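Read through the structure below, which is laid out as structure tokens, and then see the notes.
The values are calculated or read from the model by the stated rules, or taken from the named source; none is laboratory data. What you are looking at is a predicted structure, and each value in this text was computed from that prediction instead of being measured. Here the Cβ positions follow ideal geometry from the backbone for every residue, glycine too, while neighbour counts run over all protein chains shown. For accessibility, only protein heavy atoms count, side chains too; no ligands or nucleic acids. Shrake-Rupley method; radii C 1.70, N 1.55, O 1.52, S 1.80 Å.
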Amino acid sequence: MTFNRLIAVFLLLMASAWVALANGQPLFMADTSAYVRGPDFAAVYLFGDKVATSWTQERTLHRAEHSSQHVNSESPDKDMSLNAPFDKAVLSGRSIFYGALLYIGHLTSQLWLSVFAQAAIFLYLSYTLVIKCLRLSFLTFFCATSAIVIITPVSFFISLLMPDVFASFLILATIILAGFWDALKPRDRIIVSAIILYSALTHTSHLLLLIFLGAVFACTCYITERNTKTFRSFSKRATVLTAIILIGFLGELAFLFGAHYTVGADPVRPPFVMARVIADGPGYQFLQKHCATKHYVVCNYIDRLPTPSLTFLWSTDPKTGVFSVADLTTRAALSAEQNSFVFDVVRSDPIGLISSAAKNFIRQLTMVGLNEFFSDQKQLETFKAKLPHSYFDELLRSRVIFHGWILPFANAWYSLIYILSTLGLLLTCAFWPLVQFHKKSDTFPQPQWLHMLTISVAAIVFNAAICGVLSEPTGRYQARISWIPLFVILLMIGSLWGARSPAENESEFVRGLAERLPRPLRFLGVGGIGLLTDIGTFTIIVAFGPHALIARLGSLAIATLVTWRLNRTLTFDRSGRRQRDEALRYTMVTIVAQGTSYAIFAALVLTVLAAMPQVAIVIGAAVGALLSYKGHHLLSFAPKVIHSHS
């Protein structure tokens, strides 16, 4: 990979996490604390309170018979009712495997490492599919990925400290492994398989989704590949996917065994399906008819039913909640009786249950939204109870999640993009056999594209079925995979463009497009990219602990490197000098311009803008940009003078 391409990938990495960078902090949800505290509890249990962190619950340390003087003053002692291991209260479904990613991010970088690990996986899968599998150009990869980051909610989920984004990673990785096995090198097969496995381990719904996608892949292969050469690799692909599914189940069992060994109690899985069928009506009607003769534990709460499923599970109001307000024994009983209760409801009213499930499926299939990403006063109280003080104080200074006015526009836009791209994908699948054009088989080789289309459509359908039928239909659940159909359509457009347009030098093509703009505008555009790189890199470096002044030196160096390559490619004419000489001149001008910028930044951040260093960056950068443009025009990229000899 060339140096310019490395710069482009770095910019995409930053852009993929633009929501977290704009917010000033990764995005939290109420369940984030449960994920982090799983591995945190394991670490304290194994190594003692010397490894306690701000996430460690005080009761964990007390019950471990450690002195209270070692308790971290930031540790909130609230969030005990549902997930307090030393009280033998452990919820199943909060993956310790995803929690480990967050725990490592907390130990190293105030959780920023977790966000950029998710961004890196997104870029790796995109790069592998576009370039290694489809053999499209780097320009296609850059444009398609940039479009996805800009016009879909994928950056919200990359920035979110929840496992939702791994549902889409699982889909994309399954497409790569199932459809393009022969195009992958052994190293890529291992990496993609590892991503599928980890994605399946991050949440039970992801494992269910993988099972359904594996079944769709097997049926598609049997129908379309039986008499083709690619069928010879079917056994390898099927074996790998089956092994991943089995390891996923073993991971679930390992968590159950580990919790039983360390805590002495089995984790309790919340009765999602019970809550769902009661909220939909058939379950409540069954209780009204049969509680007198066939007593279930849930009958004790019939006076507060029916109630929405999320209220049934998580409300702590004793007038409306059920699961969260119950004691440990009752929670375990509610979880244990879920299967028999649901089977009884199925036998009692199968039509009603199927009807309500179909309605929930359709609601989930058409519902995309980001409501849970924006905070109100009630959510703030929840965060205050669950987050360490340092994270909560930073959350109060967030720059995105409190701007609720954005929500209606964002929901409308992302819903429109999802519905149009999904309809486009469905129409493509429906009319694919009927559309014929020159070199169709070369442009869209089979059965690779067939697997991409069928798995993408199946993923949209089964994700809606799993989340909508087994849980509460929520905009977030479908939004997490809403970028997949648009990505597939963009890759189809890229394949058609590559087949119909002659191959040309990417850098010359991009420069030709850029030269349609005046040079000052190009310079300002590059400067804007450099400024965003500077701010983003500064935010990340500061998270690792250095002082703001030291962090700014690192962010300046990286931003300067980015702007040099972009100005060399897009803004100024070729100087005719060797890159080493040109880089030296560029560095000299940059030192003067950025030195001025840094001096202004330092003066502001040490005086009036100590609480807002990013604003000081903008002011310093504006002054530095004026010096930089004239210096680069007159010195860095000035044409080399060739002296003639008489």
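Structure above, values below:
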item	result
Relative packing of peptides 90-101, 355-366, 543-554 - highest average C-beta neighbours within 10 Å first	90-101, 355-366, 543-554
Student exercise, the stretch 387-537 dipole from Lys, Arg, Asp, Glu Cβ charges, in Debye to nearest 20	280
In degrees, nearest ten, helix 32-47 long axis to first principal axis of the chain (Cα)	80
Local net charge near LYS359, Cβ-Cβ under 12 Å (Lys/Arg +1, Asp/Glu -1)	+1
Charge dipole of the chain about the Cα centre (unit charges at C-beta), most positive-ward option of PHE373, SER324, PHE255	PHE373
Amide H within-cut-off set for LEU91, under 5 Å, with H built and near neighbours excluded	VAL268
Charge dipole of the chain about the Cα centre (unit charges at C-beta), most positive-ward option of GLY475, ALA465, ALA499	ALA499
Dipole axis of the chain (+1 Lys, Arg; -1 Asp, Glu on Cβ), positive-most option in ALA385, ALA292, SER137	SER137
Between helix 579-605 and the chain: long-axis angle, C-alpha atoms, 0 to 90°, nearest 10	60
Largest-first ordering by accessible area, 1.4 Å probe, given options TRP483, TRP18, TRP432	TRP18, TRP432, TRP483
Listed residues GLU515, GLU394, GLU252 arranged by accessible area, highest first, probe 1.4 Å	GLU515, GLU394, GLU252
Largest-first principal axis extents, alpha carbons of the chain, Å	113, 71, 43
Solvent-accessible area per residue for the stretch 130-252 (1.4 angstrom probe, square angstrom)	37
Placed amide H near LEU27: partners under 5 Å, 5+ positions off or other chain	LEU160, LEU161
The chain: relative contact order as a whole-number percent, Cα under 8 Å and 6+ apart	16
Two-site FRET efficiency, MET588 against ALA147, from Cβ-Cβ distance with R₀ of 35 Å, rounded to 0.05	0.40
FRET efficiency, HIS260 to VAL461 (Cβ-Cβ, R0 45 Å, nearest 0.05)	0.80
Partnerless Cys - the chain, beta-carbon criterion under 4.7 Å	CYS133, CYS143, CYS219, CYS221, CYS429, CYS467
Acute angle (nearest 10 degrees) that the helix 613-631 long axis makes with the longest principal axis of the chain, alpha-carbon atoms	20
Accessible surface, 1.4 Å probe, highest first, among residues VAL345, VAL608	VAL608, VAL345
Simple spin-label estimate for CYS429 and THR443 in nanometres, 7 Å along Cα-Cβ	2.2
Area accessible to solvent at TYR45, 1.4 Å probe radius, in Å²	90
Portion, in percent, of the accessible area of the chain that falls on carbon or sulfur, probe 1.4 Å	67
